[in-house]
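The values are calculated or read from the model by the stated rules, or taken from the named source; none is laboratory data. Everything numeric in this text was worked out from a predicted model, so none of it was measured. Don't worry about glycine lacking a Cβ; one is built from the backbone with ideal geometry, like all the others, and counts go over all protein chains shown. To get the accessible areas, we keep the full protein, side chains included, count just its heavy atoms, and leave off ligands, DNA and RNA. Shrake-Rupley method; radii C 1.70, N 1.55, O 1.52, S 1.80 Å.
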Amino acid sequence: LPTSLPTSLPTSLPTTSLPPTSLPTSLPTPRPTSVPTSAPTSLPTTLPTISFAPTKPSLTLTSALVLDGTSKSSWNAAYEETFKQSLVDVSALIESTDDFVGNLTVSDGARRSRTRRRRLQDASVSVSFVVRVDVDTGEDGAVDIDSYVTAFEAELVSATTVDEQTGVSPLDIALQATAEEKGYEVKITADQEASHSMIATETGGVESSRPPTAAPSPAPSTAQPTTPRPTPKPTPGPSVTPGNPTAMPVPAPTLKPTLAPYPLPTPRPSAAPMPVPTIESCEMVRLRTGPPPNVYSARFASTGASILVDLDAASDQAGMLAGEYFPCAELLDFADVDTAECFWVSATQIYAEVNKALDFVPGENVTLRANTTMLACDDDRCECRVRNTASSVPADPPDPLPDVEPVFQVPDSIAVCEEGGLAVEASQSIGSGGREWKQLVWSVNATGPPESRAAAKVNGTWENATEALESMQHRAANDTSSEFTAEATELQALANGGFDTLVLSLALENFLGSTKTESVEMKLSTKSIPSVLIVGGANQVAKVGNALTVEASGLASGCDGRSKAQRAVDYAWNLYRLDGVDDPEEDWTQLAEGAEFVAVGNCECTGTQGFDPWDTSGAECAAAGCVSYPPLNSFALEALEGYLTPEDAASTGNGTRRRLTGSAYPYCQCCEAACASVGGHWECGEAGPEFKLDPFSLDSGTTYVARAEATDTKYDLSNTADVYLAVGVGSVVAAIEGGDRVVSVQDELQLDASSSFDEDINPDCGDGAGDWRANFGRRRLAHNDAHGTRTAGDCGTGDDAGLSFSWICEELEVRDDGEKQVNGSC
């Protein structure tokens, strides 16, 4: 019989209550024998044998999911309990929360995200877990680990897949139900894309065994059958033979004595318990944290001068500080990498200046060199990290592609008798990305009235004209420079052959893949008209709050042999407002100079009696319906340096202030009628090659045409050139006085945004009644809901005198990698 307590030393021989039978018993014994019989019984026993350990083996499974709606710092016991119970509810393998081994491992989800870094408000965590579950064996007694891992992975994928109709996943439903049942303020959902990625990389399993039961069952189990299926026949012999009780020592001693002593002592005593808990192996740590960073993407910036290289996981930044320049070749490899400099933007992004890497273009590979970086360490197992292997991605072009804009410097009309012929310059074209154009293709054609070309075929000039055109076309097709030229003889042949218009096209492509084709038409004149063109091209942009300067370049014809010194021209400017960009010229609205705009230095009100625009009140100017100029604001400080002081300017005449360049400025800007009301004289000087307007002279969101007319006074012949001015809509700029600051939690916080402004609103009006010195550096506020087209000089008075404000306060959490993440409202 079993002893009440274990013996102090093993017996030399096993004790037995009954000697083993040499032959099978004719009937089943009333209770199990204390030792195995030497031969099987003739019939199966009528009662099941007593089991001393679980009948099923167990399997340890690991995986991870990504949950949205919380952060690592907010994770607590309520989240953990809700997560465990919800996973039990959606899994067939996990039977209870007791199957979870150890604590969950929680880290911020963005660190392991395979996509671009999340926006600050998208807080998430990745949750790694380990469970031990009972499993069945095959007919050969082995556990098919792979099939169980596959089944577990399929369970998790199904549980985190969002239903297309309801918009939620089974795990989302379980998480909500569990939180409501337990009364927890837990609002989390499974991130489908990120979870599926984690499941695919983190799910694994190893076979394990549970420790023996704490004590044998007091009586045989009565459930029938005790095994999954009856054995086909009795075993041919006992499963354990004397001298070899177990195939290997049990993992731990039993807590209570066995019913009978072992027949033989164990070969050696069991090992002593470990003095400290077993530490997670580095292999398991790496399984939990994932592989070292790989390069995820590389994209050119819109200028083409730099690229941003993104990694798929937070790195240790190769031991470098963010913002610290280093040679790119230390970390990356791409064409001409030795010419590039880099710095870390964050733990997942590298900035590289590639403006000197001329052979590096979109489509070329960017490689993160091997053994250069590793995962950022955010726990106490940093020694388990390993360095990266090499990884590469092709560099993508910017998205969207930058604009390419061919810019021609060409006259609208040209005299074909000019000895130098025609030279069209396109070197000011925009969008090359700081490199040579990948493609620069000229094409040329000519048009004319059908009757003129028919007459040319009759009088014999048509053949010469077509030969000249073909020669120009051949030259254009083979010319890759930014300048196209045509000989005077070619232009004359075209004009004599019935052509009156030359059409020139330029197709440009930069190394980033942006393309643009523009065409320009030039009238061919047989008269000795002057030449005039717009410097900077015929299409330009302007801003309401900026001063405008447009320059024309004119020259009288040299067909009569005059030198350039004798070929000066007189200029005149006209300004038109367009209702639509494509409006025909007959629909343009010509603006009256003085009444609707004032060209700086062209017209002014002078010689006013007893009127001083330097008067700080500006009352007289305002009473006359005029505006005292210049309307200075924060960007006009440099312009001040070009003005005379009131004292120095007094000798130039009362009411007139002249700039050092000779323009009347500042002055009381009036219309002609208002000038007379203050006793002044309206004087307009000769226009020059520059057309200038003060800030806030144009309306936002409107297109204008400024037309320069150049006149050769010797022959009284004129020529014109137009420039289209697209006036954009400015921004409403929100500004907080003092910027970022550090405050105590005990102090009151007050923020002042009264310096916010609308870029399209003139600051020199309203308060100060036109006194530009009182308003120096200030901008008038205007409602952003009234932001739009205004009458020139409108200051936004009355209901439009101030911006409408709204405030948002959010609490930010600074993560280990330096990124800021929204963690709730203030």
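For the reader, a short list of remarks on this structure follows.
- VAL729 contributes an accessible area of around 90 Å² to the protein surface, as traced by a 1.4 Å probe with all chains present.
- Taking the average, over residues, of other Cβ atoms within 10 Å as the packing measure, peptides 546-557, 123-134 rank 123-134, 546-557 from highest down.
- With protein chains left intact and a 1.4 Å probe, residues in the range 416-570 average 49 Å² of accessible area per residue.
- Placing a label point 7 Å from the Cα of ASP89 along the Cα-to-Cβ direction, the residues of the range 164-189 with a backbone N closer than 14 Å are 169-189.
- Taking only protein heavy atoms and a 1.4 Å probe, the accessible area of the range 126-181 is 47% carbon and sulfur.
- Total formal charge among the other residues, if their Cβ is under 15 angstrom from that of GLN540, Lys/Arg +1 and Asp/Glu -1: -3
- Our summary gives the range 460-524 a relative contact order of 32 percent, counting only alpha carbon pairs under 8 angstrom and 6 or more residues apart.
- Chymotrypsin sites (Phe, Trp or Tyr not before Pro) lying in DSSP loop within the range 288-342, provided at most 13 other Cβ fall within 10 Å: TYR325
- Sorting VAL569, VAL733 on solvent-accessible area from highest to lowest, probe radius 1.4 Å, gives VAL733, VAL569.
- Sites LEU308 and ALA390 - FRET efficiency at Förster radius 22 Å, r taken between beta-carbons, to 0.05: 0.65
- At most 12 other Cβ within 10 Å, DSSP loop - GluC sites (Glu not before Pro), the range 692-749: GLU737, GLU748
- Under 20 Å of direct C-alpha separation, and excluding same-chain neighbours fewer than eight residues apart, LYS356 reaches these lysines: LYS438.
- Where labels lie 7 Å past Cα in the beta-carbon direction, separation of GLU164 and LYS438 in nm: 3.8
- Members of LYS527/LYS692; LYS564/LYS692; LYS527/LYS714; LYS84/LYS182; LYS543/LYS692 lying beyond 21 Å, as alpha-carbon distances in this model show: LYS527/LYS692; LYS564/LYS692
- Extents of the range 332-474, largest first, come to 95, 25, 22 Å (Cα atoms, principal axes, whole angstrom).
- Note on LYS564 and LYS356: the model spin-label points, each 7 Å out from Cα along the C-beta direction, lie 3.7 nm apart.
- Förster radius 35 Å - calculated FRET efficiency between THR485 and LYS457, Cβ distance, rounded to 0.05: 0.80
- FRET efficiency, 1/(1 + (r/R0)^6) with R0 41 Å, evaluated for VAL503 and GLU364 via beta carbons: 0.60
- With protein chains left intact and a 1.4 Å probe, residues in the range 350-395 average 49 Å² of accessible area per residue.
- Extension gain for VAL742-ASP144 works out to 209.2 nm (0.36 nm per residue, less the C-alpha to C-alpha distance).
- Straightening the chain between SER471 and ASP583 buys 36.7 nm, computed as 0.36 nm per residue apart minus the Cα-Cα spacing.
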